[in-house]
1. Does ALA64 meet the test of being at pLDDT below 95 and either open to solvent by less than 50 Å² (accessible area, probe 1.4 Å) or among the β-branched types (Val, Ile, Thr) (or both)?
2. Which number in (1) assigned to a loop (DSSP other than H, G, I, E, B); (2) without any contact (Cβ under 8 Å) to a residue 40 or more places away in the chain marks the one condition that TRP37 misses?
3. Only residues that are more than 21 Å from ARG122 (Cβ to Cβ) and either crowded, with 17+ Cβ neighbours inside 10 Å or at pLDDT 90 or above (or both): list them for region 77-97, please.
4. Regarding LEU19, is this residue part of a helix (DSSP H, G or I) and at pLDDT below 95?
5. When you scan region 114-121, do you find a residue that is among the β-branched types (Val, Ile, Thr), within 21 Å of LEU19 (Cβ to Cβ) and surrounded by 16 or more Cβ atoms within 10 Å (Cβ to Cβ), even just one?
6. Just to check your reading of the model, which residue among PHE53, PHE101 is within 28 Å of GLU136 (Cβ to Cβ), open to solvent by 20 Å² or more (accessible area, probe 1.4 Å) and under 11 Å from the mean Cα position of the chain (by Cα)?
7. Counting only residues that are within 16 Å of ILE6 (Cα to Cα) and among the aliphatic types (A, V, I, L, M), how many does region 59-98 have?
8. Consider LEU47 carefully, then state whether it is under 11 Å from the mean Cα position of the chain (by Cα), closer than 30 Å to GLU29 by Cβ and either at pLDDT below 90 or open to solvent by 10 Å² or more (accessible area, probe 1.4 Å) (or both).
Amino acid sequence: MNSRLINVLIIEDDEDDVLIVRKFLKQSEFYRFETTWESSPVKARKLIEDGEFDVFLIDYRLGAENGLDLVRYAHEKNILKPSILLTGQGDLRVDVDASRFGAADYIIKSELNASMLERSIRYALTQGKVIRELDEKEKKYSSLFERSVDPIFLATEDFKLLNVNKS
């Protein structure tokens, strides 16, 4: 079977967890996963910015920092690659924050298996593709709005101005 190559950045400070994730990824029938492991959040930021990866698997607990910091960092840098947060313990607050900060998924490590991980990555990649397409369209229409020689404005139903172009 001709399988698609997916480049994964694993940001995890526990080598045993990295080995488990890699083992699960090798079990995929539909994808070939190329993994890079980074344990340092500081070095991970540079790798995230380099843009060589399709998806980020980020541990929640990373020493002095946590994975939410990296999810937020990628989101603030407008890096539109999906992040999946992995955690040792379920916590509704962390789950909600992960979603709010832009994580595509939140997985409890003790519940993780090969099928779940592959499905989560597949869904995250699909979601990421849609987000990138929306971002491209937003930039295109924003450019048309700003560069138009005709005056254009956006307003609410009660005529409160939301945006006006320079024309």
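The values are calculated or read from the model by the stated rules, or taken from the named source; none is laboratory data. Please read all numbers here as calculations on a predicted model, not as lab measurements. Glycine gets a Cβ as well: all are built from the backbone with ideal geometry, and neighbour counts include every protein chain shown. Accessible surface is based on the protein model in full, side chains and every heavy atom, while ligands, DNA and RNA are left aside. Shrake-Rupley method; radii C 1.70, N 1.55, O 1.52, S 1.80 Å.
1. No: the conditions fail for ALA64.
2. All conditions are met except number (1).
3. Restricting attention to region 77-97, the residues satisfying the condition of being more than 21 Å from ARG122 (Cβ to Cβ) are 77-78, 88-94, 96-97.
Correct list: LYS77, VAL94, ASP97.
4. Taking the combined requirement at face value, the residue does not satisfy it.
5. Yes, some residue in region 114-121 is among the β-branched types (Val, Ile, Thr), within 21 Å of LEU19 (Cβ to Cβ) and surrounded by 16 or more Cβ atoms within 10 Å (Cβ to Cβ).
6. Values: PHE53 fails: open to solvent by 20 Å² or more (accessible area, probe 1.4 Å).
None of the others qualify; the one that does is PHE101.
7. Number of matching residues: 2.
8. It is false that LEU47 is under 11 Å from the mean Cα position of the chain (by Cα), closer than 30 Å to GLU29 by Cβ and either at pLDDT below 90 or open to solvent by 10 Å² or more (accessible area, probe 1.4 Å) (or both).
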